[in-house]
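Written out below as structure tokens is the structure these notes cover.
The values are calculated or read from the model by the stated rules, or taken from the named source; none is laboratory data. No experiment lies behind these values; they were computed from the predicted model shown. Cβ: placed from backbone, ideal geometry, glycine included. Neighbour counts: every protein chain shown.
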Amino acid sequence: MQDMSSSKANSEIRVRIAPSPTGYPHIGTIYQALFNFAFAKKNKGKFIVRIEDTDRTRFVEDAEEKIYSALDHFGLSEDESPRKEGEHGPYRQSERLEIYHKYAQELVEKGGAYFAFYPKEENSVQYKVANPSTVQEMLEIEDWVLRLKVPIDAKIVVRDEIRGNIEFDSNEVTEQVLLKSDGFPTYHLAVVVDDHLMRITDAVRGEEWITSFPKHKLIYDYLGWEMPRFYHTPVLRNPDRSKLSKRQGHTNVSWYQENGYLKEAILNFLALLGWSHPEEKEIFSLDEFINLMHLKDIKPVGPIFDINKLEWMNGEYIRNMDSKELAKRIVDFYDDLSEEDLQDQRFVKFIELVKTRIKTLKEYEEYKMFYHVKAQEKVEVNENVSVNIQPESQDIKVKINYPRIQTEVLEMVKDLIKNLSSLDEWKKEKIHEVIKTNLDKHNLRFPDLYIALSGKKFGPPLADTFEIIGKEKTLDLLKS
């Protein structure tokens, strides 16, 4: 089923996002891309990426590549863009200036725009006498801009497919600059020209553009063009209801990648911001979302971006992920792990053991040393506890700044090594029995042993871990 008016019922669905390369990808860009991508795939249409790079003062050199990298990471790759040229390019606004000049001139001729004097600060007002009559003359004089002509005492009615008809008083609509003296268009001219020439059928954009909606309608009307269907998605908000911004919350896509959030969980989370699963499910795949979503079902109320809910959801995805796939994600996440780790079935079993205890890939750091055994140099922990363990043949030197258990832990670890070394049947039940016996003998508890091993009071189940990694690696862990 398509969300379409009858006039466009036979048109190929074409949607777009138009990010600006003025910084690294924002999570809000992925939010917009998700709904556009899903709508295009649902209707066997095209998803276009158009780069709005006319703001040269804030241009960031590698931002465009970062945008593509983020889309690829989330599996939201586009059909047409500057890197995937189609029939309606170029897809960078900076390469379309002559196109904008052409339609700016047409607006002048049709009475929809006028030249306004806007001198550069260093120039004299005397140049005002050079009144341009064409866009080309305006660009040559450099002290004029082109503004939208807004009718007086008129009602401008626009339709948002989520909210219905919205009425504006033309007296409250500003006569927006459409073309600057340097020849670059503002968003308002460029977005209308680009959407029309790229045959965009459905424009999905943030609700902050609703106030500009009547200006865009006027441009469409002056040029005699049919408007796309518009869907203004609600602004993502922090828990305090403020707009999600760099000052509050985590907005850069890279932050989520660096902190070990799974792409599937992020997309699932974003899908629920403004949209609800018809069966009220909270966990579902991208394919399921594509199959069920309708743009008209987006709720206009600003959704709360709750990082705690995302963390919970990420944990659910980790717990339900195939352990071999999760092991691969973990290896890809950590620079000090390698493909060789994946060849060892013990590693996959260890991941199976710990995956119920972590909510992000980054949290695996707390468990990593139990499998990837390395000599641990001084580890600072809470309660003024520090551990300094160095391997030395069958002897162990332990320094624990926790006087009550210093001697006991040293002796317990030595006994544990001896007793585990002589264990004939390497099964977790037997291993647990040996550990418990040694702890009881020295009047210690499991947290004391965890501190000796990792500097922290917790870790994976030790008997299960020791069985998985094997006797040799276990003894190395206890000696290291």
Residues satisfying the stated conditions in the stretch 222-254, i.e. within 27 Å of A40 (Cβ to Cβ), of a type outside the set (G, A, S) and assigned to a helix (DSSP H, G or I): L223, V253
Could you check the stretch 89-118 and list, in sequence order, the residues that are within 24 Å of K46 (Cα to Cα) and of a type in the set (A, V, I, L, M)? I99
For the stretch 175-182, indicate whether the set of residues that are closer than 24 Å to R229 by Cβ and either at pLDDT 95 or above or among the small types (G, A, S) (or both) is non-empty. yes
Considering N36, N10, which residue is outside the structural domain of W225 (by TED's automatic domain parsing), at pLDDT below 90 and more than 17 Å from P90 (Cβ to Cβ)? N10
Please tell me if K120 is exposed (fewer than 15 other Cβ atoms within 10 Å of the Cβ), out of contact with any strand residue (DSSP E or B) (no Cβ under 6 Å at 6 or more places or on another chain) and not in a helix (DSSP H, G or I). yes
Has the stretch 259-274 got any residue that is outside any helix (DSSP H, G or I), on the phi > 0 side of the Ramachandran plot and not charged (D, E, K, R)? yes
Hey, does the stretch 76-94 have a residue that's surrounded by fewer than 17 Cβ atoms within 10 Å (Cβ to Cβ), in contact (Cβ under 8 Å) with a residue 12 or more places away in the chain and part of a helix (DSSP H, G or I)? yes
Does I219 satisfy the criteria of being over 20 Å from I17 (Cβ atoms), modelled with pLDDT of 95 or more, β-branched (V, I, T) and assigned to a strand (DSSP E or B)? no
